[in-house]
Amino acid sequence: MEGVRKRNPGQEEFVQAVAEVSQDIFGWIEDKTEYHEASILRRIAEPDRIVSFRVCWEDDDNNIRVERGWRVQNNNAIGPYKGGLRFHPSVTESVLKFLAFEQTFKNSLTGLPLGGGKGGSNFDPKGKSDSEVMRFCQSFMTELYRHIGPEVDVPAGDIGVGSREIGYLFGQYKRITGRWEGVLTGKATEYGGSKMRPEATGYGAVYFLENMLKHADKELDGKAAIISGSGNVALHAAEKLIDKGVKVLSLSDSDGCVHDPDGIDADKLDWIKDLKMNRRGRISEYADEYSGVEFTEDGEPWDIEADLAMPCATQNEIGEDEAQKLVDNGVLAIAEGANMPTTNDGVEIFRDAKVLYGPGKAANAGGVAVSGLEMSQNADGISWDTEKLGSMLQDIMDDIHEKCVEHGEGDDGKYVDYVKGANIAGFKKVADAMLAFGVM
Ligand SMILES: NC(=O)C1=CN([C@@H]2O[C@H](COP(=O)(O)OP(=O)(O)OC[C@H]3O[C@@H](n4cnc5c(N)ncnc54)[C@H](O)[C@@H]3O)[C@@H](O)[C@H]2O)C=CC1
Ligand SMILES: O=C(O)CCC(=O)C(=O)O
């Protein structure tokens, strides 16, 4: 870790992600000399390459705007680089490096042939017109297109990149290259997208949560849950929880948090979906629309008492204090829809308290898994139906849960350390592929 810190000065998020994985891997590889001798972990923690580029675009007032774009290609030992694009002002090289590193383990856990990558820009889509977003996406792809391809690197969406942005990006790729090919996932179904991709991350995280509870002889029905975020992942997690009889008490966005003590039911959720996905409004409007709902500016849901917690917004939303609050309030299980939403100190609190804790790289892998299935459908020129994809998603999430149990169950056969299980299972497949290739 000393070396990682030295080689990546000021890249706190990346160092955090590597430290979290390393502590489990060091213990596991202690007696496995082949991994030491080949410096496998050190190689996975050094991205294959990082492309960084200028993105110029013209706003509606004819001002020339300059942003920075990146693609981090972390590791392609088991398949083409795969991972989302994030457009958000908080994006830095460190954030994208941590995401690409995590993605490498997550993609390995899915059992599909997918390497790890991530990209994005500090461009902020909030408040921009459709035409501005289109011009930005076209400019971004005008550089990115030369670094990606269906067998090279296949980006998708993430924060700030939804179906509108994927449409503009895919259109520009097609215009520049003259080729229609499965170079992006998360496409609309009219032009090669997969059914179930929009739902997959949130639904998959709920399946993982359900599996953790089942393994501990508990069930979802009748429980209460707090969720952060109100984007793609949060809203689909809420939808599946409601479907399974859970009372959803909260959602949030970067302005604050809404707490609905009566629970967000299916009708209210439809209203929020329209607010967020079509009208692009703020979550505070939910409190204006429905009585009894409390909105807390800059607030987060972690002090609301609930059985279940699903952080679905962004990294490091749960620190030591928030984790302690959850534990003190008697939380049963936490399943991460977001990537690395809990700091390493927060993770230690969950581990010490032995609460069920599903880390993002396992719990939110359903999205990239259905992206992998979108790639297969594109390659074969076919389109599977919702039922088939839904059952494949469920099977993949069950399988990831089993792998975590295999590598994370303690000697007492009771407590499962899902962080350790996910880290070791994710590492093993990539490491064995890298050993087969020799030194490179
Ligand atoms: N979209 C996908 O398929 C996958 C997404 N994820 C992760 O899930 C999380 C959410 O992503 P999406 O729902 O796709 O994005 P989104 O853009 O649809 O929604 C993001 C949500 O998080 C909130 N948010 C963002 N930054 C915030 C901040 N600094 N403070 C408070 N709230 C903030 C936004 O207001 C919004 O509600 C991210 O961590 C992402 O990396 C993980 C796996 C797959
Ligand atoms: O679907 C994908 O390729 C990417 C999903 C993603 O960015 C993630 O799993 O964090």
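Any residue in the range 8-29 that is surrounded by fewer than 15 Cβ atoms within 10 Å (Cβ to Cβ), over 25 Å from residue 417 (Cβ atoms) and under 27 Å from the mean Cα position of the chain (by Cα)? Yes, the range 8-29 has at least one match.
I'm trying to understand the selection: among the residues of the range 86-140, which are in a loop (DSSP other than H, G, I, E, B), among the basic types (Lys, Arg) and away from ligand 1 (no atom under 13 Å from the Cβ)? Give the steps one after another, and end with the answer.
Residues of the range 86-140 in a loop (DSSP other than H, G, I, E, B): 88-92, 110-115, 122-129.
Remaining after also requiring among the basic types (Lys, Arg): 126, 128.
Across the range 86-140, the qualifying residue is only 128.
Can you name every residue in the range 286-315 that is under 22 Å from residue 89 (Cβ atoms) and either surrounded by fewer than 17 Cβ atoms within 10 Å (Cβ to Cβ) or in contact with a Phe, Trp or Tyr (Cβ under 6 Å, 6 or more places away or on another chain) (or both)? Passing the criteria: 297, 298. Among the strands (runs of 3 or more DSSP E) confined to the range 277-344, the ones with at least 1 residues that are within 11 Å of ligand 1 (Cβ to nearest atom) and under 17 Å from residue 234 (Cβ atoms) are located at 308-311. Any residue at all in the range 145-156 that's buried (at least 19 other Cβ atoms within 10 Å of the Cβ) and within 13 Å of ligand 1 (Cβ to nearest atom)? Yes, that holds for at least one residue. Tell me, please, whether a residue that is part of a helix (DSSP H, G or I), within 12 Å of ligand 1 (Cβ to nearest atom) and open to solvent by 10 Å² or more (accessible area, probe 1.4 Å) can be found in the range 353-360. For the range 353-360, residues part of a helix (DSSP H, G or I), within 12 Å of ligand 1 (Cβ to nearest atom) and open to solvent by 10 Å² or more (accessible area, probe 1.4 Å): absent.
Suppose we filter the range 206-233 for residues that are small (Gly, Ala, Ser) and within 21 Å of residue 155 (Cα to Cα); how many remain? Give the derivation first.
Initially, the range 206-233 is screened for residues small (Gly, Ala, Ser), giving 216, 222, 224-225, 228-231.
Then keep just the ones that are within 21 Å of residue 155 (Cα to Cα); that gives 231.
Final tally of qualifying residues: 1.
Close contacts from the range 187-209, counting a first residue that is over 25 Å from residue 219 (Cα atoms) and a second that is buried (at least 24 other Cβ atoms within 10 Å of the Cβ) and acidic (Asp, Glu), with Cβ to Cβ under 9 Å and a gap of 6+ residues or different chains, come to 187/374; 192/374; 193/374; 194/374; 197/374.
Within the range 63-78, identify whether any single residue is on the phi > 0 side of the Ramachandran plot, open to solvent by 50 Å² or more (accessible area, probe 1.4 Å) and either assigned to a loop (DSSP other than H, G, I, E, B) or modelled with pLDDT of 95 or more (or both), and answer yes or no. Break it down stepwise before answering.
Start the filter on the range 63-78 by keeping residues that are on the phi > 0 side of the Ramachandran plot, which leaves none.
Scanning the range 63-78, I find no residue that is on the phi > 0 side of the Ramachandran plot, open to solvent by 50 Å² or more (accessible area, probe 1.4 Å) and either assigned to a loop (DSSP other than H, G, I, E, B) or modelled with pLDDT of 95 or more (or both), so the answer is no.
Among the numbered conditions (1) crowded, with 19+ Cβ neighbours inside 10 Å; (2) over 15 Å from residue 208 (Cβ atoms), the only one that residue 432 does not meet is (1).
Picking from residues in the range 157-192 that are over 19 Å from the mean Cα position of the chain (by Cα) and not in a helix (DSSP H, G or I), the one that is nearest to ligand 1 (Cβ to nearest atom) is 188.
The values are calculated or read from the model by the stated rules, or taken from the named source; none is laboratory data. Quantities reported herein were computed from a predicted structural model and do not represent experimental measurements. Here Cβ is always computed from backbone atoms with ideal geometry, including for glycine, and neighbour counts include all displayed protein chains. Note: areas computed on protein heavy atoms with side chains; ligands, DNA, RNA excluded. Shrake-Rupley method; radii C 1.70, N 1.55, O 1.52, S 1.80 Å.
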